Structures are given as C-alpha cells and as structure tokens.
1. When S70 is evaluated against the numbered criteria (1) more than 16 Å from I37 (Cβ to Cβ); (2) among the small types (G, A, S); (3) surrounded by fewer than 17 Cβ atoms within 10 Å (Cβ to Cβ), which criterion, by number, is the only one it fails?
2. Within the set of pairs 6+ apart or on separate chains, which have a first residue in region 81-106 that is modelled with pLDDT of 95 or more and among the charged types (D, E, K, R), a second that is surrounded by 14 or more Cβ atoms within 10 Å (Cβ to Cβ) and part of a strand (DSSP E or B), and C-beta atoms under 6 Å apart?
3. Quick one: how many residues across region 1-40 are among the hydrophobic types (A, V, I, L, M, F, W, C) and under 13 Å from the mean Cα position of the chain (by Cα)?
4. With the requirement that a residue be closer than 16 Å to I5 by Cα and open to solvent by 60 Å² or more (accessible area, probe 1.4 Å), what does region 76-110 give you?
5. Could you tell me whether any residue of region 11-27 is in contact (Cβ under 8 Å) with a residue 60 or more places away in the chain, basic (K, R) and under 16 Å from L114 (Cβ atoms)?
6. Inspect region 40-61 for any residue being closer than 20 Å to N115 by Cα, out of contact with any Phe, Trp or Tyr (no Cβ under 8 Å at 6 or more places or on another chain) and free of Cβ contacts under 8 Å to residues at least 24 places away in the same chain and give the result as yes or no.
Amino acid sequence: MKKIIIYDDDKDLLEVCSIILAARNFEVVNKDNCNDILEDIDTHSPDVILMDNWIPDIGGVKAIQIVKGSPIHKGVPVILFTANNNIQELAQEAGADYALQKPFDIAELEQIVLNATQVN
C-alpha cells in the first residue's frame with residue numbers, strides 16, 4: 001500500500017483528500033503543520049507528499065526546499081497545491097515535482113498522486 005502525507009491547515013480539505021485517496025488504496029497521514037517535516041518523513045516513509053503552499057509557520061515553498069535539500073529525502077515526490085495564480089513559479093522555486101491548482105476536481109487529485117507514486 002502506498003503512503004501519502006498531506007500537509008494542509010484546512011481540516012475539511014484534509015478530510016476530503018483523505019477519503020478520496022484512501023478509496024484509491026493509499027494510507028493517508030494528515031498534518032496541519034510542517035514544523036517537523038523531516039521527522040514526519042522519517043516516521044512515516046511516504047511515497048508522496050502533498051504540500052499546501054499556505055501551511056502555517058514556514059510555508060509550503062520553504063518546507064519543500066527542506067525536503068529537496070535533504071540527501072536522504074530529496075527523492076520523495078512532492079506535489080505543491082495552492083490557490084495562487086503563480087503556482088508554476090512557486091513549484092519551480094520550491095523544487096516541487098508537481099503542482100496542483102486549487103480548487104481541483106477529484107480526478108485531477110487522483111491522477112497527479114498516481115503519477116507521482118509511479119515514479120517512486
């Protein structure tokens with residue numbers, strides 16, 4: 001079973017994404033902050049990370065840069081998702097592997113997560 005960590009402070013969105021991805025046979029770990037992101041990755045060994053740009057404290061771009069700057073974890077695919085119009089620029093700045101524009105539909109979410117996990 002593939003595992004995903006979803007970082008978002010929107011509890012409703014976390015719940016919806018969890019239900020959708022669990023139905024696709026993903027083990028889902030939800031986090032409302034990314035203060036201990038490297039520890040989270042060590043603990044849960046995700047196959048993919050879904051990162052909100054507006055996650056509290058350090059923000060999604062910085063959090064992704066931390067992951068991609070880690071020799072141990074840089075290979076974990078990361079999907080940046082945000083309502084920002086400049087999502088492609090943010091994803092590039094962060095070093096994200098994929099970008100998903102909010103709002104998104106269920107098929108888009110499923111497809112991008114499946115694409116990301118096929119790399120791993």
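1. Going through the list (1) more than 16 Å from I37 (Cβ to Cβ); (2) among the small types (G, A, S); (3) surrounded by fewer than 17 Cβ atoms within 10 Å (Cβ to Cβ), S70 breaks only (1).
2. Taking only residues 6 or more apart or on different chains, the pairs are D97/V78.
3. Of region 1-40, the ones among the hydrophobic types (A, V, I, L, M, F, W, C) are 1, 4-6, 13-14, 16-17, 19-23, 26, 28-29, 34, 37-38.
Then drop every residue that is not under 13 Å from the mean Cα position of the chain (by Cα), which leaves 4-6, 13-14, 17, 21, 28-29, 34, 37.
Final tally of qualifying residues: 11.
4. Of everything in region 76-110, just one residue is closer than 16 Å to I5 by Cα and open to solvent by 60 Å² or more (accessible area, probe 1.4 Å), namely D97.
5. Yes - at least one qualifying residue is present in region 11-27.
6. No, because not a single residue in region 40-61 is closer than 20 Å to N115 by Cα, out of contact with any Phe, Trp or Tyr (no Cβ under 8 Å at 6 or more places or on another chain) and free of Cβ contacts under 8 Å to residues at least 24 places away in the same chain.
This table checks each residue for (1) open to solvent by less than 20 Å² (accessible area, probe 1.4 Å); (2) over 17 Å from P77 (Cβ atoms); (3) at pLDDT 95 or above.
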| position | (1), (2), (3) |
| --- | --- |
| Y7 | yes, no, yes |
| I19 | no, yes, yes |
| V28 | no, no, yes |
| S45 | no, no, yes |
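The values are calculated or read from the model by the stated rules, or taken from the named source; none is laboratory data. A quick note: this is a predicted structure, and the numbers were derived from the prediction, not measured. Methodologically, a virtual Cβ is constructed for each residue, glycine included, from the backbone with ideal geometry; neighbour enumeration extends over all protein chains shown. Surface areas here come from the heavy atoms of the whole protein model, side chains and all, with no ligands, DNA or RNA. Shrake-Rupley method; radii C 1.70, N 1.55, O 1.52, S 1.80 Å.
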